[in-house]
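Reading through the structure tokens given below for one structure.
The values are calculated or read from the model by the stated rules, or taken from the named source; none is laboratory data. Owing to the predicted nature of the structure, the values given are computational and were not obtained by experimental measurement. Neighbour counts run over all protein chains shown; Cβ positions are idealised from the backbone, glycine included.
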Amino acid sequence: MREFLLSYGLFLAKTATLVAALGLLLALVTASIRALRHESGERLEIRNLNERLRELTEALNRELLDPAARRREHRRLRREHQARRKGAAKARPRVFVLDFHGDLEASRVSTLREEISALLQVARPQHDEVLLRLESAGGAVPGYGLAASQLQRIRDRGLALTVAIDKVAASGGYLMACVAERILAAPFAIVGSIGVVGQLPNFNRWLREHHIDYELHTAGEYKRTLTLFGENTEAARAKFREELEQVHGLFKDFVAQRRPALELARVATGEYWYGTQALALRLVDELATSDDYLLRRAQEADVYELHFRRRRSLREQLLANLTKLRARSLPLPPARP
């Protein structure tokens, strides 16, 4: 009887797990389809953040100031606005604000390249600045390598590039961030993870137990190393680890060229740190949120937020939703002195 109850309990547990997994998959697909229905065609959206801040200020003034003070403040803001519109402030620098929310494949690089191509046609070298609000826990090497190369285009044109990390820039995210000449991080943002990981399951024993043959034919000694269904050898595992070390070496070289003050042996261990710790390690240059930085810059510069919108595929929308789930489950790093 006990064995029956144990078997029945295991059956119920497996069934519940399967139902939960199917329910989660269905919810992701449904949410992705719903999001796609609200997306339209390609367009570049531009928002003047100075005007947005002025509107917020006036809304507060309407509630907080007496009528006379409110009128004086309104006239002052209007004069500033008209001066900019008439070109009296033509010499003011401009800040172009971009956003990058990275998924596992860095799929948003397709819109990032459009935004950068657009601003490079109007931005003034040694005068204007680009601020990238970056949020990514990393992902595939080719995608994040291309994203970092897109940011390098900004530096190559003589424009100042600042990256702001409000939540997380780890692994491929930090590969992008280190391109900037200045990196800001919120005190509890997660930064670093200069490392490489590769993993995959292997079903070879299960296939053998069920008397299923699997054949893999290659031309070239290292065309395949580790496989999903074949029997992995120690030689294949060694080659796979060698390839990981090669990628890690490229990662470290890339960071070292752009952040020469880093003690690379200390920070290139795959660990990640909070913003305050990252500042002490010189992974970042300043503790600040993107909001604080933009408030400061808006006092002396015209700030424009750019978003290139395009209709995403169902696959991209699913990846975006999976990345959100991954970010919610990202473990916090252990506290360090």
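Scanning for something hydroxyl-bearing (Ser, Thr, Tyr), under 25 Å from residue 108 (Cα atoms), in the same structural domain as residue 109 (by TED's automatic domain parsing) and in contact (Cβ under 8 Å) with a residue 40 or more places away in the chain, does region 172-187 turn up at least one residue? Yes. What do you reckon, is residue 45 at pLDDT below 65, in contact with a strand residue (DSSP E or B) (Cβ under 9 Å, 6 or more places away or on another chain), exposed (fewer than 13 other Cβ atoms within 10 Å of the Cβ) and not in a helix (DSSP H, G or I)? So residue 45 fails the test. Of the residues screened, residue 112 is one that is under 30 Å from residue 126 (Cα atoms), assigned to a helix (DSSP H, G or I), at pLDDT 75 or above and in the same structural domain as residue 125 (by TED's automatic domain parsing). Of everything listed in (1) surrounded by fewer than 17 Cβ atoms within 10 Å (Cβ to Cβ); (2) touching a residue at least 24 places away in the same chain (Cβ under 8 Å), the single unmet condition for residue 107 is (1). Among residues of region 226-241 that are loosely packed, with under 12 Cβ neighbours inside 10 Å, none has a beta-carbon under 8 Å from a residue that is modelled with pLDDT of 85 or more at least six positions away or on a different chain.
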